[in-house]
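Here's the structure we're looking at; comments come further down.
The values are calculated or read from the model by the stated rules, or taken from the named source; none is laboratory data. Everything numeric in this text was worked out from a predicted model, so none of it was measured. Every residue, glycine among them, receives a Cβ derived from its backbone with ideal geometry; neighbour counts consider all protein chains shown.
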Amino acid sequence: MQEVLAYMAKVVQPESSSPAWLTWYDGMVKAHPLAVNSATALIGMGLGDLVAQLGASGHGHFDPVRWLRMASFGVLLAGPLCYKFYEWIDAAVYPERRKENGVVVLKMAIDQLLWSPSFTCVFFAYTCLLRGDPGGTLLMIQERLAPTMCANWLLWPAAHLVNFKVVPPNMRILYVMAVNVVWNVFLSIISNQPQLLASTFGRLGISI
């Protein structure tokens, strides 16, 4: 896993040998950071849900309303909020020492212990709102936040150590959304088919 994440981080560094599309993306994200990062999140979350629906869930049936719910969350909330969060954390947490291992670990801890649970609650609230059941937000958080975070911590701490150590700040959303395709498959499935979450953890001997 660490080798895969390191390779992905190398890919998103806009060096002279980078593919033309990455050089173009680098220029666009510097010129229009909010718009480009929002569009990147739309693609990342939309692709994750598409894979979840057609492959990972085993149903092979495409629900366009569900896809629009996930993709719209990406462009309206995930992209803008994550962009602003990374902008803030890069500026606020020892910016002059941002490559030091201790600072990288501190950023990862802030992301995973504060930002990630809060952002997951926003996702659950958005899901309930678009389903026409905003009152169900608290119940969804109570039932799904803890197991979602347990799964989150299997992937994202390592991913964000790479993110904060080697990924250029303007490429963070692209890198995160690349990893997010895998995570969004999981997130999309548990928000729409919670019984799969229970059965998966059950096979691991974990009762939720």
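Taking the listed residues Met108, Met140, Met149, the one that is surrounded by 15 or more Cβ atoms within 10 Å (Cβ to Cβ), closer than 25 Å to Phe62 by Cβ, touching a helix residue (DSSP H, G or I) at 6+ places or on another chain (Cβ under 7 Å) and at pLDDT 90 or above is Met140, with no other qualifying.
Among the residues of segment 16-36, is there at least one that is under 24 Å from Ala151 (Cα atoms) and crowded, with 20+ Cβ neighbours inside 10 Å? Walk me through it before giving the result.
Taking segment 16-36 as the starting set, the residues that turn out to be under 24 Å from Ala151 (Cα atoms) are none.
Taking every residue of segment 16-36 in turn, none turns out to be under 24 Å from Ala151 (Cα atoms) and crowded, with 20+ Cβ neighbours inside 10 Å.
Contact map, segment 31-43: residues that are closer than 16 Å to Glu87 by Cα paired with residues that are at pLDDT below 95 and hydroxyl-bearing (Ser, Thr, Tyr), Cβ distance under 7 Å, separation 6+ or inter-chain. No pairs are found.
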